[in-house]
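Enquirer: A single structure is presented below for examination.
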Amino acid sequence: MLNQMKLIKAIVIIVAANLTFCKQQEQSSQQLSPQQQQVVKAKPTCLFSPQHTAPDWVCDKPHSGLAIQAVGKFELSFGGRNYMLDMAEILARKQLSERFKREVAARISLYAKTSALNSQVIDTLIMSANQYIDDQSLESAKVYQTETGTDGEVYVLVGMDSPTIKVLIEQVIAKSVQNEKDLWQVFKAQNLEGQLAVAIAAIKDE
């Protein structure tokens, strides 16, 4: 009986201590301003490691002013920092090219819906346009940020804003139409090379 009384007493003490701690924590939280509480709750979403925060763009999160972007990463190399940055930029531009192709495809598909074209015709138009997307066509893409990680690796952010993308899409479509007019005649535009390229590039602005 005595042992049971001691056990109950110990449990009561532990519960009371936990309740006191929780109350203190609640009071401390209430003493913080709303702004301070938000800072306490907020956790970095992009990390080089559990102890080191990275810029959001390193994790491919949208960077202000860019409509399409890509991040290239290159590990620490004896070639030196400039070599590493060059390699990271090449990787970023390669990825950017693929994303630009998807953007062109999306706009062609969106515009094609206005003419009720079937999927096979749309795919053929997209393949035609993609032939004219290469490194030279994306020369206007710029390096916007660079960063060094905790292990010496480098990151490079390459991107383009909306006006640049619009101009490039016009150029790509115009080249495709110029070389494969019969294919693009499905739209029956009076001035294929001019009007059609502008219309497709601007389809998301409507």
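The values are calculated or read from the model by the stated rules, or taken from the named source; none is laboratory data. Small disclaimer: the values here were computed from a predicted structure and weren't measured. Positions of Cβ are backbone-derived with ideal geometry, glycine not excepted, and every protein chain shown enters the neighbour counts.
Enquirer: Got a number for residues in the range 121-156 being hydroxyl-bearing (Ser, Thr, Tyr), under 19 Å from residue 167 (Cα atoms) and not in a loop (DSSP other than H, G, I, E, B)?
Expert: From the range 121-156, those hydroxyl-bearing (Ser, Thr, Tyr) are 124, 128, 132, 137, 140, 144, 146, 148, 150, 155; that's our starting set.
Adding the requirement that they be under 19 Å from residue 167 (Cα atoms) leaves 128, 132, 137, 140.
So of that shortlist, the ones also not in a loop (DSSP other than H, G, I, E, B) come out as 128, 137.
Residues that pass the stated criteria total 2.
Enquirer: Just a yes or no: is a residue in the range 146-157 at pLDDT below 90 and touching a Ser or Thr at 6+ places or on another chain (Cβ under 8 Å)?
Expert: So the first thing to find is which residues in the range 146-157 are at pLDDT below 90, and the list is none.
No; the residues of the range 146-157 include none that is at pLDDT below 90 and touching a Ser or Thr at 6+ places or on another chain (Cβ under 8 Å).
Enquirer: Taking residue 93 and the conditions (1) under 20 Å from residue 199 (Cβ atoms); (2) of a type in the set (Lys, Arg); (3) in contact (Cβ under 8 Å) with a residue 40 or more places away in the chain, which numbered condition does it fall short on, given that it satisfies the others?
Expert: All conditions pass for residue 93, except number (1).
Enquirer: Run down 122, 169 and say which single residue is more than 23 Å from the chain's Cα centre (by Cα) and surrounded by 15 or more Cβ atoms within 10 Å (Cβ to Cβ). Before the answer, list the steps.
Expert: Numbers: 169 fails: more than 23 Å from the chain's Cα centre (by Cα).
It is 122.
Enquirer: Quick check on residue 140: is it in contact with a Ser or Thr (Cβ under 6 Å, 6 or more places away or on another chain), within 16 Å of residue 104 (Cβ to Cβ) and crowded, with 18+ Cβ neighbours inside 10 Å? Before the answer, list the steps.
Expert: On the way: in contact with a Ser or Thr (Cβ under 6 Å, 6 or more places away or on another chain): yes; within 16 Å of residue 104 (Cβ to Cβ): yes; crowded, with 18+ Cβ neighbours inside 10 Å: no.
Taking the combined requirement at face value, the residue does not satisfy it.
Enquirer: Now, a different point. Where the second residue is of a type in the set (Ser, Thr, Tyr) and surrounded by fewer than 16 Cβ atoms within 10 Å (Cβ to Cβ) and the first is in the same structural domain as residue 72 (by TED's automatic domain parsing) and lies in the range 130-157, which pairs have Cβ atoms under 7 Å and are six or more apart or on separate chains?
Expert: 150/49; 154/146; 154/148; 155/146; 156/146
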